[in-house]
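Report on the following structure.
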Amino acid sequence: MSPRAAWRLESLGFSQVYDYVAGKADWGSSGLPLEGTRGSETRVGAYLRRDVPTCRLDERLSDVRPRVRAAGWDTCFVVNDEQIVLGWLGRTALAQDGDARVEQAMSAGPSTVRPSFELDRAVERMRRQSLSTLPVTTSEGRLLGLLERDTAEQAQHELNRNVARTLSEGSQP
């Protein structure tokens, strides 16, 4: 909201009014709900798997590997205490023999998207880059979850069907 709108609301008697300086883009990038024709249901944040395994830099692969596999995953995100993504352990890293530290085995700085990223653009990117998943973080880099391509494609198909249905209903006399 603009400072002018905030002042106007205060003049009308509202006591808890805030000027959100970061704006609408930051709001959506934090995973907060969006409305309108391109609302939250058209964004990747609505379709995340949030049960993504995480580990810390100082952990040993021998401790992380069984935990990740027991959860049914073959990758793991390396995060700090604030859940900021520092790297990831892919299949190859987790399959390594030995007792290396996560920091030594991880791939640094995986590419991520924000929860407000449009679903159709995410599906297109995943297809173009042959990705099966896409990590989703806040603008500060805090891990929110993982978008799976199958889920994204199915959701996009449903959204397209709903749009087509709405258009056809609107064109009937």
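General observations
- Residues ARG43, ARG65, sorted so that the one with the fewest Cβ neighbours within 10 Å comes first: ARG65, ARG43
- Whole-Hz Karplus values for segment 92-108 come out as 5, 5, 5, 7, 4, 7, x, 10, 5, 6, 3, 4, 7, 9, 6, 9, 7 Hz, taken residue by residue from phi with 6.51 cos²θ - 1.76 cosθ + 1.60 and θ = phi - 60°; glycine and proline positions read x.
- The order of LEU57, LEU147, going from fewest to most other C-beta atoms within 10 Å of their C-beta, is LEU57, LEU147.
- Each eigenvalue of the Cα gyration tensor of segment 40-139, multiplied by 5 and square-rooted, gives one semi-axis; in descending order these are 26, 14, 12 Å.
- Positive-pole candidate from THR151, THR75, SER116, dipole of segment 31-170, charges at beta carbon: THR151
- Distant-in-sequence amide H partners of ASN80 (H built 1.01 Å from N, under 5 Å): LEU86
Each value in this text was obtained by applying a stated rule to the coordinates, not by laboratory testing. Every value quoted in this text rests on a predicted model; they were computed, and no experiment measured them. No Cβ is skipped: glycine too gets one built from the backbone with ideal geometry, and neighbour counts run over all protein chains shown.
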